Amino acid sequence: MRSFEIGLAIIAGQYGPDRVTARWTEIRDLALRAEALGFDTVWSPDELVWRQEDRPVQGFWEGVAMAGAIAATTTEIKVGTWVMSALHRNAGLTAKAAETLDEISGGRFVFGLGAGHEWPGQARMFGLPEDHIFARFEEALEVIVPLLRGGHADFEGTWLAARDLRHVPVGPRPGRIPIMIGGNGPKGQRLAARHADIWSCYPEERSHVDEFAPRIASVDAICAEIGRDPATLGRSAGVTVKPLETGDAGGAIAGGAEEIADAIRTFRAAGFTQLEIMLSPVTLAAVEGLAPAIELLDAD
């Protein structure tokens, strides 16, 4: 296993300006190829439907079901949710889904979790909450973390409750499923420092280390403030990579194998412990285009 891990996030649904639909057989083949190429993790994003002005509606396959299918199809690669939305689900059921995915994968599941978001209209379309999203996330963690770590939760909050809830059955790693909490700002970083094994962030403008690196200093300071050794918290960055393009790629990492490998190396040098690659386009050709860069990194 690499000291610096590289994962592949597969956009399971519609992608690109023409809203091409990635079918399960294609997603399966991408996951299996990622496993064969030596990626550390394959990630299933958790989105529903996006409705943006002047663009066709964009829909996604349900992320937890897709993670289960990937877990059942692969045999060695880790499988993660990137990241499961606490806004979309009951907290106790979310913990049960995580435990079930660890059972299906034989102990290869990485539980990525975030607050979720109502943008762009998906919460309203599905009748989900649109207010106090982060406060709801904090309450969800008061249920999910005790269930996964101790097998029991008893919590009565403003929005969520778990009343003498027992977490049974358990999978192959009782109390030890890795938790990755996503959050770009200090609120999310603080929750990750308190509860998570890994903290995850994503690009707001472009997939360049200059945007991401200052967040390392912020999460380190929060760890110091709460008394956690920063070295015990993994650091994950999500980036968009377009291996079939050169030149201006709209803020994504692009170019030849050496260019892509060099860009990935800058994240390792900045203090990140893993990188999650959002591949564009979501095709086997793009995975094959990325393979030479992975080979260069493995040779380091």
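The values are calculated or read from the model by the stated rules, or taken from the named source; none is laboratory data. Treat the numbers as computed from the prediction; the structure is a model and nothing was measured. When we count neighbours, we look across all protein chains shown, and the Cβ atoms used for this are built from the backbone with ideal geometry, even at glycine. Ligands, DNA and RNA are excluded from the accessible area calculation, which covers all protein heavy atoms including side chains. Shrake-Rupley method; radii C 1.70, N 1.55, O 1.52, S 1.80 Å.
Side notes on the structure shown:
- Exactly one residue out of I226, I222, I253, I264 is open to solvent by less than 40 Å² (accessible area, probe 1.4 Å) and either free of Cβ contacts under 8 Å to residues at least 40 places away in the same chain or closer than 21 Å to G185 by Cα (or both), and it is I222.
- Check on D102, open to solvent by 60 Å² or more (accessible area, probe 1.4 Å) and under 30 Å from R163 (Cβ atoms): no
- Residues of segment 71-86 satisfying the condition of being assigned to a loop (DSSP other than H, G, I, E, B) and buried (at least 21 other Cβ atoms within 10 Å of the Cβ): I77, V83, A86
- Restricting G107, G68, G112, G116 to residues that are open to solvent by less than 40 Å² (accessible area, probe 1.4 Å), in a strand (DSSP E or B) and farther than 22 Å from R163 by Cα narrows the list to G112.
- Check on L128, among the hydrophobic types (A, V, I, L, M, F, W, C), open to solvent by less than 60 Å² (accessible area, probe 1.4 Å) and assigned to a loop (DSSP other than H, G, I, E, B): yes
- Hits in segment 267-281 - residues which are assigned to a loop (DSSP other than H, G, I, E, B) and buried (at least 19 other Cβ atoms within 10 Å of the Cβ): F272, S280
- Residues that are under 21 Å from the mean Cα position of the chain (by Cα), of a type outside the set (A, V, I, L, M) and in a loop (DSSP other than H, G, I, E, B) within segment 234-253 comprise P243, G251, listed in sequence order.
- Among the residues of segment 49-86, just one is in contact with a helix residue (DSSP H, G or I) (Cβ under 6 Å, 6 or more places away or on another chain) and within 15 Å of M125 (Cα to Cα), namely V49.
- Of all the residues in segment 210-234, those that are hydrophobic (A, V, I, L, M, F, W, C), in contact with an Asp or Glu (Cβ under 9 Å, 6 or more places away or on another chain) and under 17 Å from G114 (Cβ atoms) number 1.
- Residue list for segment 162-209, filter: among the basic types (K, R) and farther than 14 Å from G112 by Cα: R163, R166, R173, K187, R190, R194, R206
- In segment 192-213, residue most open to solvent (accessible area, probe 1.4 Å) [restricted to those that are part of a helix (DSSP H, G or I) and under 17 Å from T273 (Cβ atoms)]: A213
- Hits in segment 143-172 (condition: touching a residue at least 40 places away in the same chain (Cβ under 8 Å), open to solvent by 40 Å² or more (accessible area, probe 1.4 Å) and not aliphatic (A, V, I, L, M)): P169, P172
- Test: residue in segment 19-26 that is farther than 17 Å from V83 by Cα, in contact with a Gly (Cβ under 9 Å, 6 or more places away or on another chain) and of a type in the set (S, T, Y): yes
- Against the numbered list (1) under 29 Å from I264 (Cβ atoms); (2) touching a residue at least 40 places away in the same chain (Cβ under 8 Å); (3) buried (at least 21 other Cβ atoms within 10 Å of the Cβ), E5 comes up short only at (3).
- A search for C-beta distances below 8 Å between a residue of segment 175-191 that is assigned to a loop (DSSP other than H, G, I, E, B) and any residue that is among the hydroxyl-bearing types (S, T, Y) and open to solvent by 30 Å² or more (accessible area, probe 1.4 Å), counting only pairs 6+ apart in sequence or on different chains, returns N184/Y202.
- Residue match in segment 48-55 (condition: without any contact (Cβ under 8 Å) to a residue 24 or more places away in the chain, among the acidic types (D, E), more than 19 Å from V110 (Cα to Cα) and out of contact with any Gly (no Cβ under 7 Å at 6 or more places or on another chain)): yes
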